[in-house]
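A short write-up of the structure that comes next.
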Amino acid sequence: MSAHSLFSVCRSRTAAVSPQIIFIHLHSRTVATASQTLHSPVRTIPAYLLSSQSQWRQQRPFMAFIRRPRTPLAAFSTSAVANATVVTLNPQVNEDGEPLLVSISPRAAKRLREITNPAASPSATQKENPYHHLRITVTSGGCHGFQYLMSLEPSSKISEDEDTIFEVQEDTPDAAPGGQAKVVMDSASLELLSGSTVDYTTELIGSQFKIVDNPRASSNCGCGTSFDIKE
């Protein structure tokens with residue numbers, strides 16, 4: 001049989017195939033492909049490539065979504081450790097029986113110990129240091145009605161009947177050997193300054209002791225020595 005005759009026979013046989021047979025043949029191929037896909041091994045990511053968190057979630061899926069309470073952080077403060085200011089003479093109370101107290105900042109306590117150090121004489125003519133404490137007095141005047149007056153005094157100026165002495169304990173971190181950190185006030189001044197803090201500041205115009213955070217003051221002047229009280 002010639003090549004031409006063989007090609008004619010193949011074409012005639014192909015044309016004789018019915019559409020039903022072609023559909024059955026295509027359906028069989030589709031089923032075979034799906035079966036091969038279902039029975040083929042599933043490729044997974046190697047365990048060593050998974051992060052520890054992913055492994056933990058796969059092993060304990062019910063634990064991955066439990067929200068644990070956060071441990072509260074400890075309160076953080078940039079200020080220095082607060083000094084333990086105590087009353088060593090004539091503690092006072094207000095009309096409600098609450099104690100009248102003032103605080104001495106670490107900077108003020110350190111500076112007071114330096115000033116009152118017996119080995120540090122304020123001048124070459126004096127062999128002994130006369131300064132024993134810082135007295136703070138409130139008087140009428142100034143641009144806001146009241147003003148602070150501060151002075152360094154010897155121990156002989158203390159009145160045991162009228163004055164109250166505040167002192168910082170020696171076991172504080174800023175304690176310096178030698179001097180004492182004492183602040184003295186009369187009862188009238190203490191009533192207007194209770195709750196405030198004695199601080200020591202260094203500014204361009206100089207260094208000085210100051211009263212800060214006075215709860216009785218409604219306003220202060222720019223100089224920091226005059227204030228007005230709340231009605």
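Here are the numbers:
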| item | result |
| --- | --- |
| Full-extension gain in nm, residue 159 to residue 84, via 0.36 nm per residue minus C-alpha separation | 24.6 nm |
| Neighbourhood charge, 9 Å Cβ-Cβ cut-off, centred on residue 187 and excluding it, Lys, Arg +1 and Asp, Glu -1 | -4 |
| Residue 133 long-range amide H proximity, modeled H, under 5 Å | 153 |
| Residue-by-residue Karplus 3J(HN,Hα) for the stretch 185-192, coefficients 6.51, -1.76, 1.60, Hz, glycine and proline x | 9, 7, 5, 5, 5, 5, 5, 7 |
| Sites residue 92 and residue 150, calculated FRET efficiency, Cβ-Cβ separation with R0 25 Å, nearest 0.05 | 0.80 |
| Cut-off 12 Å between beta-carbons: net charge of the residues surrounding residue 154, Lys and Arg +1, Asp and Glu -1 | +1 |
| Amide H contacts of residue 169 (H built 1.01 Å from N, under 5 Å, at least 5 apart or other chain) | 84, 86 |
| Other-chain or far-sequence residues with amide H under 5 Å of residue 92's (modelled H) | 100 |
| Spacing of the two label points (7 Å from each Cα toward its C-beta) at residue 140 and residue 203, in nm | 2.7 |
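Only the coordinates and a few stated rules stand behind these numbers; no lab work does. Just so we're clear, the structure is a prediction, and the values are computed from it rather than from any experiment. Neighbour counts run over all protein chains shown; Cβ positions are idealised from the backbone, glycine included.
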